[in-house]
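Structure first, then comments.
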Amino acid sequence: MITPEQHASLLAIAAEEGVGAREMPRGFNWVTVAYALGALLVVFAGGWFLAQRWLSLGPAGVLVVVLFYAVLAGVASLWLERRDFREAAGIAAMVAVSLTPVVVWALESLTGLWPAETWGQPYYPNYPAAEASRWLVTELATILAALIVLRKRPWWVVVFPIAVSLFGLVLHLPRAIGIDLTPVLERWLMLTGALVVCAIADTTDRRVPRQAGPGRGDMAFPLWVVGLATLGFSLLAFWPTAGPWRHGVPALGVGAVVVSLMIGRKSHLVFGVVLIFMYLMWLAGEVFRSTAYFPVALAALGGAMLFATVWMQRRFPALASRLGARRSGRGGLPGSPLMPWIFATAALGITLLRAGEAKEERLNREFQQRLYILRLHSGSLRAPPMRPGPDPVRPDTAAAKRRP
């Protein structure tokens with residue numbers, strides 16, 4: 001339609017007016033990676049500063065520093081949005097929302113609501129119910145702050161703090177009501193939290209359509225990422241005591257790969273491949289570890305992973321489009337929308353059924369601790385040897401050594 005000279009002149013005008021300066025579309029590219037690294041560096045720098053100056057700043061100083069960070073991130077988000085860098089603006093808004101727990105902690109410490117005896121002490125998993133209830137307040141405040149931002153600006157990346165806070169709510173609620181968790185209950189509770197986040201992700205995927213445009217789009221993706229990641233960690237927590245149930249992991253991985261092809265989500269594909277690889281690594285280590293074929297098994301495993309990766313890169317788009325066309329563009333997992341909630345409810349029910357065993361385990365643990373102390377006092381059990389250190393120098397001995 002136009003001559004090469006006209007094309008060159010139009011490109012020159014666009015370069016002069018800055019029309020060509022637009023943000024790269026969302027996806028796994030170098031811009032997205034740079035955005036993620038930049039956000040992580042900002043959060044890491046703020047956390048490092050607070051960790052180094054935590055006790056010297058006090059609650060008031062921490063509150064001032066965090067509010068400065070939040071305001072700076074909010075201003076950066078507005079500045080980037082006005083220049084059509086919406087993905088970067090959403091990440092800046094996410095950084096501001098992620099600082100909400102520290103703000104709430106500082107306010108609770110200033111008002112005396114946070115337990116004073118935990119100030120400056122290391123973090124322990126068996127914290128008291130009062131501290132767990134304060135964690136519930138921080139997580140609810142984070143969800144509220146994220147929802148306020150989403151009401152004004154629908155940035156999909158702001159859903160990440162919501163997903164993490166939802167998982168924390170499930171973990172902290174039993175401790176807040178005074179339930180002393182044992183390792184068995186903690187594993188089941190972790191699995192319940194992961195399934196709840198996945199169920200919320202499925203419901204969001206069905207009800208909120210994926211919108212096109214920079215900064216907008218897939219609201220269910222952060223929920224899926226957090227839910228699948230926590231589900232993988234919960235499976236690792238069950239692994240030492242899983243027994244024959246370990247052999248069901250590859251079936252779960254293959255199912256996740258099939259689901260990823262049907263709904264067009266690579267997060268499920270990565271989750272399924274990681275599960276299959278984890279099972280193959282365990283199988284190679286347990287079955288072939290004591291034989292001479294262990295290096296051969298590792299080499300075969302590496303070659304299989306390379307072949308599977310190449311094959312999935314070549315066939316994934318075609319398979320995803322073919323299977324996705326059968327679903328007529330519907331979001332969410334295949335089957336009934338109640339199915340994820342049924343699994344989450346089942347995990348919660350098993351957690352409640354194991355409460356009796358957890359009580360017996362807690363009583364047995366307390367009895368063993370009392371028995372250990374009594375045996376130490378009676379002399380029938382020797383205390384573990386202490387690491388030898390330098391002998392203390394008495395003041396009179398030191399003065400005598402200085403005498404001529």
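Share of the stretch 137-290's accessible area from carbon and sulfur, percent, 1.4 Å? Can you show the working numbers first?
Details: 5180 of 7040 Å².
Taking all protein chains in place, the stretch 137-290 shows 74 percent carbon and sulfur surface.
What does the highest-first list of 187-196, 363-372 look like by mean Cβ count within 10 Å?
187-196, 363-372
Using the Karplus equation 6.51 cos²θ - 1.76 cosθ + 1.60 (θ = phi - 60°), what ³J(HN,Hα) coupling, rounded to whole Hz, does each residue of the stretch 251-267 give in order, writing x for Gly and Pro?
5, 5, x, 5, x, 5, 5, 5, 5, 5, 5, 7, 9, x, 10, 6, 4
Using alpha-carbon pairs under 8 Å, 6+ residues apart, how would you state the relative contact order of the stretch 135-196 in percent?
Working: 38 pairs, mean separation 22.2, N = 62.
Result for the stretch 135-196 is 36 percent.
Can you put Phe271, Phe233, Phe277, Phe160 in order of accessible area, largest first, using a 1.4 Å probe?
Values: Phe271 25, Phe233 125, Phe277 80, Phe160 55 Å².
Descending accessible area places them as Phe233, Phe277, Phe160, Phe271.
The values are calculated or read from the model by the stated rules, or taken from the named source; none is laboratory data. From a predicted model like this one, the values you see are computed outputs, not experimental measurements. Quick reminder, even Gly has a Cβ in these numbers, built from the backbone with ideal geometry, and neighbours come from all protein chains shown. Accessible surface areas use protein heavy atoms only, side chains included; no ligands, DNA or RNA. Shrake-Rupley method; radii C 1.70, N 1.55, O 1.52, S 1.80 Å.
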